1. Running Debye on region 152-206 with equal point scatterers at the Cα sites and no solvent, what base-10 log of I(q)/I(0) appears at q = 0.21, 0.22, 0.28, 0.32 Å⁻¹?
2. Within region 149-167, find all residues whose amide N lies under 13 Å from a label point positioned 7 Å from the Cα of GLN186 along Cα-to-beta-carbon.
3. What full-extension length gain, to one decimal in nm, is calculated for SER108 and LEU179 as 0.36 nm per residue of separation minus the Cα-Cα distance?
4. Would you mind computing the Rg to Rh ratio of region 26-130 from its alpha-carbon coordinates, Kirkwood style for Rh?
5. For a quick check: with amide H placed at 1.01 Å from N, whose amide H comes under 5 Å from GLY157's, ignoring anything fewer than 5 positions away on the same chain?
6. What full-extension length gain, to one decimal in nm, is calculated for GLN211 and ALA137 as 0.36 nm per residue of separation minus the Cα-Cα distance?
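Throughout, read-outs are computed from the coordinates displayed, never taken from laboratory work. What you see is a predicted model; the values in this text were computed from it and never measured. Positions of Cβ are generated from backbone atoms using ideal geometry, with glycine treated the same way; all protein chains shown enter the neighbour counts.
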Amino acid sequence: MFIRWLTATLSVLGLLLLGTAYWVQAAPPGQSAEEGEALFQQYCAGCHTVGGGDLSGPDLLGVAERRDPDWLEHWLAEPDKMIAEGDPIALQLLAQYNNVPMPNQHLSLSEIDSLLAYLGAPEPSHPAEPPQQAALAGSAGAGKDLFTGSKGLANGGTACIACHDTAALGAPGGGLLGLDLTQAAQRYGGETGLVGVLGTIAFPSMVPIYQNRPLTPQEQVDLAAFLAGSAGEGAPSRGVRHAVVYLLAFGAMDVFLVGLFVWHRRLPRAGRRLSARR
């Protein structure tokens, strides 16, 4: 009797354990993948797609098969640290995609698991394409006003001209601290890629300036439209434009010094003439 009871109890417990294991294994991935898709749109879609082609970052379709799971988890958690430590794959990606670093989004472990579940899904329900904000109409004129600071940024960020230059500004141009952005559209994948870069604050030097004062979606597309239109063929480089300005400045200084010298030479003569008249 006891053996029958023990056998029945163990059978029931076994079935319960099997059912629990199936639920734990089967149910969360579906939920996690859905959460991962939402996280992808929030954090990743500015620079990446899943099946929609490269933007300023690579298309991530099949990335879970191409990369080691541990590497992917580490990369999602601390991309900046991996680059600083010289991880070969991280450095290869950095060089391949125009030195646009992947920003550290400070994801939690559960968020990373959800993203990996989404990226590892055999066939996403629908490919992740660029965010909807890229469909906004950008105005190159409005973008120029934002770039130069003629119009302030909505959240109080610093105007781009403080650090950057572009050939569209002509001489004397903009700041020298950052990159010349004349060819930014070519480097970062056109207007769509630029919107992704501007939206994700990919560069460490931009983080303290824009992390708490992000560009609005409309500002992103306006700036992208301006930068995309500034890369006209034959536009002089930053070096040429600044050389012209310096030459003009030195020329004006030379003219001033020559005039000062002539005036100084003629001053005694003028003094003697005045004395003679008296």
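1. Listed by q, the Debye log ratios stand at -0.92, -1.00, -1.29, -1.27.
2. Answer for region 149-167: 167.
3. Extra length from SER108 to LEU179 when fully extended: 22.3 nm.
4. 0.94
5. When sequence neighbours closer than 5 places are left aside, there are no close amide H contacts.
6. Net length gain for the segment: 24.2 nm.
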